[in-house]
Amino acid sequence: MDIKVKDETLLALLRSERRAAFEPASQSRGRAPHRWYDGVPDYLVDVYNWAYVDPTWAGWLDRRMVVRLLLFGNDARLMRLYLDAIRPGMKVWQVAHVYGDLVQRVAARVGPGGEFHLTDITPIQIEHGRNKLADFPWAKVTRADAATYDSGTDYDLICSFFLLHEVPDEIKRQIVDHLLECLPPGGTALFVDYHRPAWWQPVRWILKGVNAWLEPFADALWRHEIRDYASHPERFAWRQRTFFGGTYQAVWVERSGLCAPSAASG
Ligand SMILES: C[S@@+](CC[C@H](N)C(=O)[O-])C[C@H]1O[C@@H](n2cnc3c(N)ncnc32)[C@H](O)[C@@H]1O
């Protein structure tokens, strides 16, 4: 049998197993108290209920070790990219919560002379964010959609850390456009996310299975660059680095004329 046909059959099987393994949105919404589900977009409830919406699972998953495992041990260097872009006193917006201690580390780095705004769209993630940031009075946690949040602040840094691969393509477009729209002259948008692994990268095959089973919106980042989601990419300067044999990427964006675009990989 043709290997490609076998490959596609296996991926289709994984997708159908996934549908059977996780409850459809209607069932979970029906059973769970509404306060965890009100206003949560369908794509999150349908695909990521267990990971980000249901408080039982979210409570268990919110650990540094989970992020380390998910990122095959690359968490430290990917987070370092983000932390290195922050200088004390900056105004920083992180558009979605991340499990583990990243948000406390960002808040500590921003320091009392700056501002740290964390947004997320699900109630339980907001609760976790508020608990983690209670000792940082310069940090503000707001329930909001990354595609529409507008605090009226001129941010020095706006960071999307592994959000894009978890949203449908149309929402990717809205988020990228909105973050770029919010970018003041001199500010930087930083996207850290998945990318297309090189053919020789062994985790490519693990991730193919994971994407088919659990992450239906992630595959798109293997086929499109983040700048492809911007309506007016030419108005910005883009710099990209890839990591771990192409598996991850960091993309820095500034308004055109303010940073020289270049690309590198590692
Ligand atoms: C940043 S992503 C994934 C991060 C990473 N996998 C981790 O370890 O947490 C997960 C977060 O994105 C949030 N999210 C999804 N869609 C969103 C949106 N449109 N606006 C803001 N937050 C969103 C989810 O509620 C969840 O807390």
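What follows draws every value from the coordinates through simple rules; no lab data is involved. Keep in mind the model is a prediction, meaning the values are calculated, not measured. Cβ atoms come from the backbone with ideal geometry, glycine included; neighbour counts cover every protein chain shown.
For Arg255, Arg64, Arg35, the sequence from fewest to most other C-beta atoms within 10 Å is Arg35, Arg64, Arg255. Given in Å, the Rg to one decimal and the Dmax to the nearest whole number for the Cα atoms of segment 111-152 are 10.5, 28. When the Cα centres of segment 179-219 and segment 42-117 are compared, how far apart do they sit, in Å? If you average the Cα positions of each part, the centres end up 15 Å apart. The gain in end-to-end length when the Thr56 to Ser231 segment is fully stretched comes to 59.1 nm, 0.36 nm per residue minus the alpha carbon separation. Annotation for Ala134 and Val66: the two label points, set 7 Å from Cα along the Cα-Cβ direction, are 1.9 nm apart.
Once backbone amide H atoms are built at 1.01 Å from N, Ile158 has Trp93, Thr188, Ala189, Leu190 as its partners under 5 Å, excluding neighbours fewer than 5 places away on the same chain.
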